[in-house]
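Here the structure is laid out as structure tokens; the discussion comes afterwards.
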């Protein structure tokens, strides 16, 4: 009878686990070790994803320093972007069998030409050992599961010239567009995922709004920036003064009096 080392036994056990990820008895040799993550995003949007892995259930091994326990996708989304990411469910790093635990997602979009002229927010796909039925997402007959969100641009001014900056705020949503609490989110168990497609579908809100209240006043044609105590006043709350407004500077250099049209 062959004698296996503890390392070999661990590897054999993990191989069996990876093979038997369905709820049926026995191994399905054709069961893939990957699933596809994809996103349906508004124009000029992109996602960045980091798939995180942890030791498989029952494993006591660790990865030295936690190195190489995550895999990134679209990390340079400005230069190279693809909507489909093929994600492995099981990996072995430094001899330690790992299983995917979650996907951390960033939703990004640029609003100007400079590298800092962009906004971003986050979303999450979690893959725990167990998921309460009310939180578990399902798949259609085509093997696709979609979760939804809505992003909205929030505008503000920054610095003495009052340069217009934008913040991206993304919320979870129902398929009908009704907003939920929290950020876009979905949850699955491992047995649901082999060969399937998980899609994040994001809509962009029709209107932008101020980053926080009492700093801009809604007028015909857009929003006007309250002057406050002067250009040195970085907060510049209105405090009921809806007659004294300031100019502001667009990221393209234009000096404007109303947003988004610039001139009244």
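The values are calculated or read from the model by the stated rules, or taken from the named source; none is laboratory data. From a predicted model like this one, the values you see are computed outputs, not experimental measurements. Because the Cβ atoms are built from the backbone with ideal geometry, glycine has one as well, and the counts that use them run over all protein chains shown.
Sort out for me the strands (runs of 3 or more DSSP E) sitting completely within region 140-192 that have 1 or more residues that are over 28 Å from residue 260 (Cβ atoms). Steps first, please.
On the way: elements: 144-158, 163-173, 185-187.
So the answer is 144-158, 185-187.
What about residue 154, is it touching a strand residue (DSSP E or B) at 6+ places or on another chain (Cβ under 9 Å), under 30 Å from residue 249 (Cα atoms), surrounded by 15 or more Cβ atoms within 10 Å (Cβ to Cβ) and in contact (Cβ under 8 Å) with a residue 60 or more places away in the chain? Full working, then the answer.
On the way: touching a strand residue (DSSP E or B) at 6+ places or on another chain (Cβ under 9 Å): yes; under 30 Å from residue 249 (Cα atoms): yes; surrounded by 15 or more Cβ atoms within 10 Å (Cβ to Cβ): yes; in contact (Cβ under 8 Å) with a residue 60 or more places away in the chain: no.
Spelling it out, it is not the case that residue 154 is touching a strand residue (DSSP E or B) at 6+ places or on another chain (Cβ under 9 Å), under 30 Å from residue 249 (Cα atoms), surrounded by 15 or more Cβ atoms within 10 Å (Cβ to Cβ) and in contact (Cβ under 8 Å) with a residue 60 or more places away in the chain.
Condition first: surrounded by 11 or more Cβ atoms within 10 Å (Cβ to Cβ) and either part of a loop (DSSP other than H, G, I, E, B) or in contact (Cβ under 8 Å) with a residue 40 or more places away in the chain (or both). Now tell me which residues in region 65-81 satisfy that.
Once the filter is applied, which keeps residues that are surrounded by 11 or more Cβ atoms within 10 Å (Cβ to Cβ) and either part of a loop (DSSP other than H, G, I, E, B) or in contact (Cβ under 8 Å) with a residue 40 or more places away in the chain (or both), region 65-81 yields 68, 69, 74, 75, 77, 78, 81.
Within region 121-144, track down each residue that is at pLDDT 90 or above and under 18 Å from residue 51 (Cα atoms). Steps first, please.
In the first step, residues of region 121-144 are kept if they are at pLDDT 90 or above; the result is 121-127, 139-144.
Residues satisfying the conditions are 121, 122, 123, 124, 125, 126, 127.
For the condition assigned to a loop (DSSP other than H, G, I, E, B) and modelled with pLDDT of 95 or more, what is the one hit in 42, 32? Let's see the steps before the verdict.
Values: 32 fails: modelled with pLDDT of 95 or more.
Result: 42 is the single residue among 42, 32 that is assigned to a loop (DSSP other than H, G, I, E, B) and modelled with pLDDT of 95 or more.
Residues checked against (1) in contact with a helix residue (DSSP H, G or I) (Cβ under 9 Å, 6 or more places away or on another chain); (2) buried (at least 17 other Cβ atoms within 10 Å of the Cβ); (3) in the same structural domain as residue 123 (by TED's automatic domain parsing):
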| site | (1), (2), (3) |
| --- | --- |
| 171 | no, yes, yes |
| 186 | no, yes, yes |
| 189 | no, no, yes |
| 192 | no, yes, yes |
| 225 | no, yes, no |
| 233 | no, no, no |
| 238 | no, yes, no |
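If residue 182 meets every condition in (1) at positive phi; (2) within 17 Å of the chain's Cα centre (by Cα); (3) buried (at least 19 other Cβ atoms within 10 Å of the Cβ) apart from one, which number is that one?
(3)
Condition first: more than 22 Å from residue 40 (Cβ to Cβ), touching a strand residue (DSSP E or B) at 6+ places or on another chain (Cβ under 6 Å) and either surrounded by 15 or more Cβ atoms within 10 Å (Cβ to Cβ) or not assigned by TED's automatic domain parsing to the domain that holds residue 198 (or both). Can you find one or more residues in region 126-137 that meet it?
yes
Might you check whether a residue that is in a loop (DSSP other than H, G, I, E, B), on the phi < 0 side of the Ramachandran plot and either in contact (Cβ under 8 Å) with a residue 40 or more places away in the chain or touching a helix residue (DSSP H, G or I) at 6+ places or on another chain (Cβ under 8 Å) (or both) occurs anywhere in region 91-106? Lay out the reasoning, then the answer.
Here is the first cut: in region 91-106, the residues in a loop (DSSP other than H, G, I, E, B) are 94-95.
Of the ones still in play, those that are also on the phi < 0 side of the Ramachandran plot are none.
Within region 91-106 (the criterion being in a loop (DSSP other than H, G, I, E, B), on the phi < 0 side of the Ramachandran plot and either in contact (Cβ under 8 Å) with a residue 40 or more places away in the chain or touching a helix residue (DSSP H, G or I) at 6+ places or on another chain (Cβ under 8 Å) (or both)), the answer is no, since none of the residues qualifies.
Output the residues belonging to region 45-64 that are under 16 Å from residue 109 (Cβ atoms) and not in a strand (DSSP E or B).
Start the filter on region 45-64 by keeping residues that are under 16 Å from residue 109 (Cβ atoms), which leaves 45-49.
Answer for region 45-64, where residues must be under 16 Å from residue 109 (Cβ atoms) and not in a strand (DSSP E or B): there is none.
Here are some residues: 21, 50. Which one is under 20 Å from residue 187 (Cβ atoms), modelled with pLDDT of 95 or more and surrounded by 12 or more Cβ atoms within 10 Å (Cβ to Cβ)?
So the residue among 21, 50 that is under 20 Å from residue 187 (Cβ atoms), modelled with pLDDT of 95 or more and surrounded by 12 or more Cβ atoms within 10 Å (Cβ to Cβ) is 50.
Go through region 217-258 and report how many residues are assigned to a loop (DSSP other than H, G, I, E, B) and within 12 Å of residue 157 (Cβ to Cβ). Step through it out loud before you land on a result.
Just the residues of region 217-258 that are assigned to a loop (DSSP other than H, G, I, E, B), to begin with: 220-221, 227-244, 247, 250-254, 257.
Still in the running and within 12 Å of residue 157 (Cβ to Cβ): 227-228, 231, 233-236, 247, 250-251.
Number satisfying all stated conditions: 10.
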